[in-house]
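**Student:** The structure is given below, and queries will be raised subsequently.
The values are calculated or read from the model by the stated rules, or taken from the named source; none is laboratory data. Every value quoted in this text rests on a predicted model; they were computed, and no experiment measured them. Cβ atoms come from the backbone with ideal geometry, glycine included; neighbour counts cover every protein chain shown.
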Amino acid sequence: MRRIQFLLAAFLLILASSACKPSGREKPSAKQPLDGIERRIVPPPDWLKSRAEEQLATSSRFDVFHDFQFSDELPSTGISFRHRIVDCAGYRHKAAHYDHGNGVVIADVDSDGKYDIYFSNQVGRNQLWRNLGGGKFEDITEEAGVADGERIGVSAAFADIDNDGDPDLYVTGTRAPNVLYENDGTGHFTNISESSGVDYTGHSSAAVFFDYNRDGLLDLYLCNVGVFTTDQYEKVINDSTTEDFEPGDYYYYVASPDAFGGHLLPERTESSRLYRNQGGNRFVDVTAETGLEDATWNGDAIPLDVNEDGWLDLYLCNMQGHDQYYENVGGEKFEKKGRDLFLATPWGSMGAQFFDFNNDGKLDLYVTDMHTDMAEDIGPEREKLKNSVQVPESMLNRQGIPSIFGNAFYLNQGDGTFTEVSDEIGAENYWPWGLSVADLNADGYNDVFITASMNYPFRYGVNSLLLNNRGQEFLDSEFIVGVEPRAEDKTEMAWFDVDCSVDKEHRACEGFDQAAAMFGNNPMVTVMAPRGSRSSVIFDLDDDGDLDIVANEFNSEPLVFISNLTEKKSIGYLKIHLEGSQSNRDGLGARVTVQAGSNAYVKVHDGQSGYLSQSIYPLYFGLGEAKTVDQIEVVWPSGGRQVVAGPIRANQLLKVKESEPVALQAN
């Protein structure tokens, strides 16, 4: 195929010219021969090589250990899942919230000690892959009963809602009832959505389980982004670019022509919901009585005990406007306190994580901002800077509240205040979605993996891997440790086909008449577009003691990054699996402190594994050179404090029950 490159106009022109309109016809059959033109909406990222060289050159000044590599081992895992998009994110592109993508979550669904992976999909089946060990997986979606293939999937969350010791599953979607699956303990699930009371239908995003009233049952905060679709129901187009996806006919609601500005219209508000767990697999909506009715276009949220009073508060990521922080008042109600602590927040927040950046025992807040980056197509050399072209005031809807046009990092000062230090510590990047936080080199400091890139019709954006330089700064390391460039340098893929003899007004057909005459008058154009990730999860996939990364791609197959850290050096670590008794069975909300010599490491068990995702998996503590742990302290959600005395051998999985510790496994 021949290729032609051309650039689109600026962002506002994109918004004005890309209404998501049906063509009134079915696209060519996937079996029709196609020997037309490949066209790129944006040129390939020829700057990647120089970026890699620059980053590799800086690694010599790193004090932090970085002599290890990730490699994408997807082919060897057996995982054949491919995420697929609706046409409003491709051929009929519109700047709408369909492009926000999908979650990926993990849990041990069948109690065999290995962590299984669930991918949510936009078009086609969500899929559950059983971990067979040795880095191998098998598709058990149908036998598990969790395919859910007739709805537009968005996020997923594993949580033990009934405290019976196995992970249940909640899946959100667009314009179809959200689904709650009860696990029978063997990895077989039953749909209990309607009887449970959480079968909300609308424009849902993330699902966050936490015990807000400390009654030992996990409650549900459901994020809703607002109404961004019309009532027009269309069939998803099949063409030559969809041959590798699961076959079938699928339908979706066409996005509103002005979806991106929907947050300015009160009638499109779709308030997020808080459901209190009543026990017996039943929930009740307590949004109004707890004070959480909010007009925020809320894509994701994180539970966090900011004031350390033992009650979990909520930080809400507002996709287009000021973020909100709600303080939990004794499990009875929530009070809006954002202006007291976080006066300026990112304008286009996507994801957030609450963790200890500098090992001072105080938890800090990292928030990513993607929507601001849509205001200007900047060059690669400016990706570490805040956006200089601010979103027009008419789009901000912020009532005079100051905004940050980029990521934010709030450093906990220990006196009830936070200082925003994102630029000082290197926390800015370009087109970020969510973030996953873990100690990737096992040195005792939390590192960060950030999914990025906006796909069609924008340019490629790299996934960021930030190594923590001993609590002083983050160091850009994605090229150093092998996360970038992608395997075989594949940064683009075929996105959709256009028949320019029919769709002459399509942007991909601009100037086509001259090109077609040159190339044999074939009217078919295959549009190429950048690849990009959305959600991610970090865990020890192959049980070798170091941490691996799985990312759910947008309109493509996932990334499965396997680390070789344990082949490069001898490491110390401790995995801790919590089991509540008075508290919820998952132990969500527990604060764990590991003491190893003079070093203390603090983590909160919140299950927030990545953007649009909540998982059930053990906490991982890198111990640096330590081979034993002196003490573990757990402050449970119930309020109880438990101390596990050492010495405790490193390099094992330790089960801590809300009363007694039991060693499960040593690597």
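Here is a yes/no grid of residues against (1) touching a helix residue (DSSP H, G or I) at 6+ places or on another chain (Cβ under 8 Å); (2) under 20 Å from residue 452 (Cα atoms); (3) without any contact (Cβ under 8 Å) to a residue 60 or more places away in the chain:
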| position | (1), (2), (3) |
| --- | --- |
| 90 | no, yes, no |
| 105 | no, yes, no |
| 125 | yes, no, no |
| 132 | no, no, yes |
| 145 | no, no, yes |
| 172 | no, no, yes |
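**Student:** Looking at region 250-294, which of its residues are of a type in the set (Gly, Ala, Ser) and either closer than 18 Å to residue 212 by Cα or outside any helix (DSSP H, G or I) (or both)?
**Tutor:** Matches in region 250-294: 255, 256, 271, 272, 279, 280, 288, 291.
**Student:** Here's another thing I want to ask about it. Could you tell me whether residue 556 is in the same structural domain as residue 67 (by the TED database) and assigned to a loop (DSSP other than H, G, I, E, B)?
**Tutor:** Working: in the same structural domain as residue 67 (by the TED database): yes; assigned to a loop (DSSP other than H, G, I, E, B): yes.
It is true that residue 556 is in the same structural domain as residue 67 (by the TED database) and assigned to a loop (DSSP other than H, G, I, E, B).
**Student:** Report yes if some residue within region 448-455 is modelled with pLDDT of 95 or more and touching a Lys or Arg at 6+ places or on another chain (Cβ under 6 Å); otherwise report no.
**Tutor:** Among the residues of region 448-455, at least one is modelled with pLDDT of 95 or more and touching a Lys or Arg at 6+ places or on another chain (Cβ under 6 Å), which makes the answer yes.
**Student:** Against the definition (at pLDDT 95 or above, of a type in the set (Ser, Thr, Tyr), in the same structural domain as residue 352 (by the TED database) and over 22 Å from the mean Cα position of the chain (by Cα)), how does residue 233 come out, yes or no?
**Tutor:** Considered against the rule, which asks whether it is at pLDDT 95 or above, of a type in the set (Ser, Thr, Tyr), in the same structural domain as residue 352 (by the TED database) and over 22 Å from the mean Cα position of the chain (by Cα), residue 233 comes out as yes.
**Student:** Just to be sure before I move on: is residue 601 outside any loop (DSSP other than H, G, I, E, B) and within 30 Å of residue 100 (Cβ to Cβ) in the structure I sent?
**Tutor:** Criteria not met by residue 601.
**Student:** Name every residue in region 342-380 that is surrounded by 18 or more Cβ atoms within 10 Å (Cβ to Cβ) and of a type in the set (A, V, I, L, M), in order of residue number.
**Tutor:** 350, 352, 363, 365, 367, 370, 374, 375, listed by residue number.
**Student:** Take the residues of region 217-246 that are in a strand (DSSP E or B) and among the charged types (D, E, K, R): which is surrounded by the most Cβ atoms within 10 Å (Cβ to Cβ)?
**Tutor:** My answer is 219.
**Student:** OK, next. Between 22, 45, which is part of a loop (DSSP other than H, G, I, E, B) and at pLDDT below 50? Explain how you work it out, then say what you get.
**Tutor:** Details: 45 fails: at pLDDT below 50.
Of 22, 45, the one residue that is part of a loop (DSSP other than H, G, I, E, B) and at pLDDT below 50 is 22.
**Student:** Can you spot a residue in region 412-423 that is over 19 Å from residue 325 (Cβ atoms) and not charged (D, E, K, R)?
**Tutor:** No, region 412-423 contains no residue that is over 19 Å from residue 325 (Cβ atoms) and not charged (D, E, K, R).
**Student:** Continuing with the same structure: If a residue must be assigned to a strand (DSSP E or B) and closer than 14 Å to residue 555 by Cα, how many such residues does region 490-506 contain?
**Tutor:** 5
**Student:** List the number of the failed condition for residue 451; all other conditions in (1) free of Cβ contacts under 8 Å to residues at least 40 places away in the same chain; (2) buried (at least 19 other Cβ atoms within 10 Å of the Cβ); (3) of a type in the set (Ser, Thr, Tyr) hold.
**Tutor:** (1)
**Student:** At least 1 residues that are at pLDDT 95 or above and acidic (Asp, Glu) in each: list the strands (runs of 3 or more DSSP E) lying fully within region 138-205 that qualify. It would help to see each step written out before you state the result.
**Tutor:** Working: elements: 152-159, 168-174, 179-183, 189-191.
So the answer is 168-174, 179-183.
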